[in-house]
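Colleague: This is the structure I have questions about; it appears just below.
The values are calculated or read from the model by the stated rules, or taken from the named source; none is laboratory data. The structure presented is a predicted model; accordingly, all values stated were derived computationally and were not measured. Ideal geometry is used to build each Cβ from the backbone, glycine not excepted, and the neighbour counts take in all protein chains shown. The protein model used for the area step is the full one, side chains on, heavy atoms only, and it has no ligands, DNA or RNA in it. Shrake-Rupley method; radii C 1.70, N 1.55, O 1.52, S 1.80 Å.
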Amino acid sequence: MQPQRALIARATLVLLALLLAGCSALRIGYANGDTFVYWWLDGYVDFTNEQKPWVKAHIDRLFDWHRKTQLRDYAQLFGQVQQRLQRGSMRPEDIREDFDAIRKRASAVLEKSVPELTDLALAIEPGQIAHLERKFASNNDKYRKEYLRGSVDDRQRLRFKNVMKQAEYWFGNFSDEQEAIIRKASDARPLDNDIWMAERLRRQQDMLQMLRKIHAEKPSREVVGKMIRDFIAHGFENFTYAEHKAFFDGSAEGMAQMIATIVNVATPEQKAHAVKRLQKLIEDCHELAAKT
């Protein structure tokens, strides 16, 4: 969430994605985490027989560290969200605060993974870089087919459908009146999938360029580690931020406004549904963290 480091950086973010996807995903993720993340990465890199054992060992250690040191902190964050829901309302400022908290935790995971990403970046071979480039091209074709077709209204409708899928997971079913309010908040966000496509392409090309440079110049581990940290930092800020500042800022603000709208339009029963979901997630975090 891409060139080697960004690629494995995304792999570490799978941990956060599992948390945000829900309780069952969290349990499944930790039960099969090493296999799932390895399989996902291998689809991009196509590991050699020599690379496979130490890549798997790196993934196992990352999951072990994450379980022992991060999950209780996540439980605390989810508890804070619970309290806001029980309070009855939520402000866009609250959502932005949560975004910052998630980013901080994602940064910690990515920073922890830098030594492993460095090992992998230094071990990547030209054929694997070519494999990664083909995988990017295939993913980009899928993105174009799904998000760069149809009218503006078609794209708004698809985006709203994805929003409602997540909203209904947490809060249950919404009435037609509630959906109309949420649709208005969803459509109020800036929409430009071509900018997101340009962002994808920039990330991918920067990653490929970085990997080719590492392979050609064989820099020191310290230099490669800095390259990876810089790539991660640029990713958090969006690679094309300078060219599209108003769009990215507007998207972040629109997302905060929309999530606040979803929470505030929810009935007490729907909020209670979300509180229960979070409680199960909190309990799973503590239970998994306690395992040795």
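Colleague: Can you work out the Karplus-derived ³J(HN,Hα) for every residue in region 255-268? Use 6.51 cos²θ - 1.76 cosθ + 1.60 with θ = phi - 60°, whole Hz, and x for glycine or proline.
Modeller: Ordered by residue, 3J(HN,Hα) equals 5, 4, 5, 5, 5, 4, 4, 4, 5, 6, 7, 5, 6, x Hz.
Colleague: Assuming R0 = 41 Å, can you tell me the calculated FRET efficiency for the pair Glu237 and His286, based on Cβ-Cβ distance, to the nearest 0.05?
Modeller: Result of the calculation: an efficiency of 0.75.
Colleague: Turning to a different aspect of this structure: Evaluate Rg over Rh across region 221-276, taking Cα atoms for both radii and Kirkwood's formula for Rh.
Modeller: Dividing the radius of gyration by the Kirkwood radius yields 1.28.
Colleague: Just to be sure I understand the model, the point goes 7 Å from the Cα along the line to the Cβ. What's the resulting Asp42 to Lys68 distance in nm?
Modeller: Each label point is offset 7 Å from its Cα along the Cβ direction, giving 2.6 nm.
Colleague: About its Cα centre, what dipole magnitude does the chain give when the only charges are +1 on Lys and Arg Cβ and -1 on Asp and Glu Cβ, stated in debye to the nearest 20?
Modeller: 240 debye
Colleague: Related question: With a ≥ b ≥ c taken as the square roots of the eigenvalues of the C-alpha gyration tensor of region 127-184, please select rounded if a/c is under 1.5 and otherwise prolate if a/b is larger than b/c or oblate if it is not?
Modeller: Oblate, since a/c reaches 1.5 and b/c is not below a/b.
Colleague: So, taking all protein chains as they sit and a 1.4 Å probe, how much accessible area belongs to Thr48, in Å² rounded to tens?
Modeller: Taking all protein chains as shown, Thr48 has close to 40 Å².
Colleague: Ok, one more. With charges set only on the Cβ (+1 for Lys and Arg, -1 for Asp and Glu), what does the dipole of region 241-292 come to about its Cα centre, in debye to the nearest 20?
Modeller: 200 debye
Colleague: Next question. Summing -39500 (n - 2.57) over the DSSP H runs of n ≥ 4 in the chain and dividing by its residue number, what mean residue ellipticity at 222 nm do you reach, to the nearest 500 deg cm²/dmol?
Modeller: After summing the helix terms and dividing by the residues of the chain, the value is -29000 deg cm²/dmol.
Colleague: Can you work out the FRET efficiency for the pair Ala101 and Arg61, with r the C-beta to C-beta distance and R0 = 22 Å, to the nearest 0.05?
Modeller: Step by step, r from the Cβ atoms, then E = 0.30.
Colleague: Now for a separate question. Could you calculate the FRET efficiency of Lys52 with Arg134 from 1/(1 + (r/R0)^6), where r is the beta carbon distance between them and R0 is 22 Å, rounded to 0.05?
Modeller: The pair Lys52/Arg134 has a calculated efficiency of 0.65.
Colleague: Moving on. How would Glu116, Glu93 line up by accessible area, probe 1.4 Å, largest first?
Modeller: Glu93, Glu116
Colleague: Using the charge dipole of the chain (Lys, Arg: +1 at Cβ; Asp, Glu: -1 at Cβ; taken about the Cα centre), state which of His215, Phe78, His244 has its Cα farthest towards the positive end.
Modeller: Value computed over the given set: Phe78.
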